[in-house]
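I have placed the structure first, in the form of structure tokens, so that the comments after it can refer back to it.
Each reported figure results from applying straightforward, stated rules to the coordinates on display, with no laboratory input. Computed from a predicted model, the values in this text were never measured in an experiment. For neighbour counting, all protein chains shown are included, and Cβ atoms are generated from backbone atoms with ideal geometry for every residue, glycine included.
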């Protein structure tokens, strides 16, 4: 009975597990795709950025430790022998008749239980290093936000490419359906005695071309879906259903000056760079302050003796003042290096501001151009559809040959491709403008 019960339990567990697995493809919108990529278990870049932030916080805690008390405890139980002659004391005669210091003593036991502590009282260099470490944490947090923006932009662009792949497949299937209808129409025309064999051949050639384009579009769509799954750090065998489609979403008018000002305010990479510049400035200041004297307090308290039962309490309390005099030029070299690093970060900040302005200008130009392309493509598609309708009517009426229909069909297919490409370029430009302004995560909500 026990094996039967065990088998029944295994079957029941397997059925429950199968029922818990969602059936069908995963419905995925652009917002959800970005959200999954930005989750703690999402993109590898997000995980690495989170770890970099934790490392910066740990370094800040280490720098703060230099300003806090350092307390240690120790217990020593040792048996020793000493060669007093090596210390210049062995066989030394004393003014006491018949007494002489031996050359070798021991073994003797020493037991010492002690607590020691030290505290920085006056050390401007350590204070500056702690301030620099706190700024480094802020920079790492801004870098974390910049990584999130980059991942969001990467996923958004990959999502648009996958949506374009779906749209291309739909257009290719529509072209195949239209070609099949034209083949049937040519065959009917020939059966009615108003068509010729060359017209059927011409229609079948167009059908073969459209089927070839459909195969290419399906392969491109599969590749785009894989790129999207990789950007989201999801299993590559996940079947997804893209909910959002290529559509025209108007963007509020904005001038170059407004976009640039918004970008300089919101771009997390610029914020991180400014924090790195500040960190370099504080680090250079800390190196300069190493030339100032530093004051430290120290002390210890414990019990020492030959055994625990005869030990006596002893203590040490004092203050040390360290005055740097000469270290072979190492301190001056570090100061020059820190100053050079600060100047380097200033150049990088200035260069990044110029790059941000370029990004904004290019994104606005691309958006304007893509907007015009969408309008032209929409008009072209309407004209092509009307042309094909008229050509088919003329062919059915016997006043036109199939070549006129084939030409109109070719122009319609080109118009469909133009519209898909225009909508894709427009949405890409919209994401690029949001990325240039540091607002990708807001744009995809």
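Using the number of other C-beta atoms within 10 angstrom as an exposure proxy, rank 402, 320, 384, 311 with the fewest first.
Details: 402 24, 320 11, 384 21, 311 16.
If I rank by nearby Cβ atoms, fewest first, I get 320, 311, 384, 402.
Remind me, relative contact order of region 292-417 in percent, using alpha carbon pairs under 8 angstrom and six or more residues apart?
Reported as a whole number, the value is 16 percent.
State the dimensionless ratio Rg/Rh of region 276-323 (Rg: radius of gyration of Cα atoms; Rh: Kirkwood radius).
My calculation of the ratio gives 1.41.
Contour minus end-to-end for residue 196 and residue 86, with contour as 0.36 nm per residue of separation and end-to-end as the Cα-Cα distance?
27.4 nm
Per DSSP helix of 4 or more residues, -39500 (n - 2.57); summed, then divided by the residues of the chain. What does that give at 222 nm, rounded to the nearest 500?
It comes out at -24000 deg cm²/dmol, rounded to the nearest 500.
For helix 268-289, what angle does its Cα long axis make with the longest principal axis of the chain, in degrees from 0 to 90 and rounded to 10?
It is inclined by approximately 20 degrees.
So how tilted is helix 44-65 from the main axis of the chain? Cα-based, degrees 0 to 90, rounded to 10.
20
Could you list log10 I(q)/I(0) for the chain at q = 0.07, 0.11 Å⁻¹, which the Debye formula gives when each Cα is one point scatterer?
After summing over all Cα pairs, the log10 values are -0.69, -1.04.
Relative contact order for the chain using alpha-carbon pairs under 8 Å, separation at least 6, rounded to a whole percent?
Value for the chain: 22 percent.
If a paramagnetic tag sat 7 Å from the Cα of residue 311 along the Cα-Cβ line, which residues of region 100-131 would have the backbone N under 12 Å from that point?
Within reach of a label on residue 311: 110-115.
Please give the FRET efficiency for residue 254 paired with residue 180, using the beta carbon to beta carbon distance and R0 = 45 Å, rounded to the nearest 0.05.
My answer for the efficiency is 0.45.
Computed FRET efficiency, Cβ-Cβ of residue 247 and residue 61, R0 45 Å: what is it to the nearest 0.05?
So the FRET efficiency works out to roughly 0.35.
Could you state the principal axis extents of the C-alpha atoms in region 75-189, from the largest down, to the nearest angstrom?
Extents along the principal axes: 144, 36, 24 Å.
Please give, to one decimal in nm, the separation of the simple spin-label points placed at residue 330 and residue 209, each 7 Å out from Cα toward the Cβ.
7.7
Before anything else, pin down the relative contact order of region 262-337: Cα pairs under 8 Å, at least 6 apart, normalised by residue count, whole percent.
Relative contact order here is 29 percent.
Over region 328-409, consider all pairs of different Cα atoms and compute the Kirkwood hydrodynamic radius from their mean reciprocal separation; express it in Å, one decimal.
18.6
Give the angle, between 0 and 90 degrees and rounded to the nearest 10, that separates the Cα long axis of helix 197-232 from the longest principal axis of the Cα atoms of the chain.
20
Would you work out if region 168-301 is rounded, prolate or oblate? Take a ≥ b ≥ c from the square roots of the eigenvalues of the alpha-carbon gyration tensor; rounded if a/c is under 1.5, else prolate when a/b is larger than b/c, oblate otherwise.
Prolate.
Across the Cα atoms of region 215-364, what radius of gyration and what greatest pairwise Cα-Cα distance (Dmax) are found, in Å?
Final numbers for Rg and Dmax: 30.9, 95 Å.
Which value in nm describes the separation of the simple spin-label points at residue 72 and residue 298, placed 7 Å from the Cα toward the beta carbon?
The answer from the label model is 1.0 nm.
Efficiency by 1/(1 + (r/R0)^6): what FRET value for residue 109 and residue 47, r their Cβ-Cβ distance, R0 = 41 Å, to the nearest 0.05?
Efficiency for this residue pair is about 0.15.
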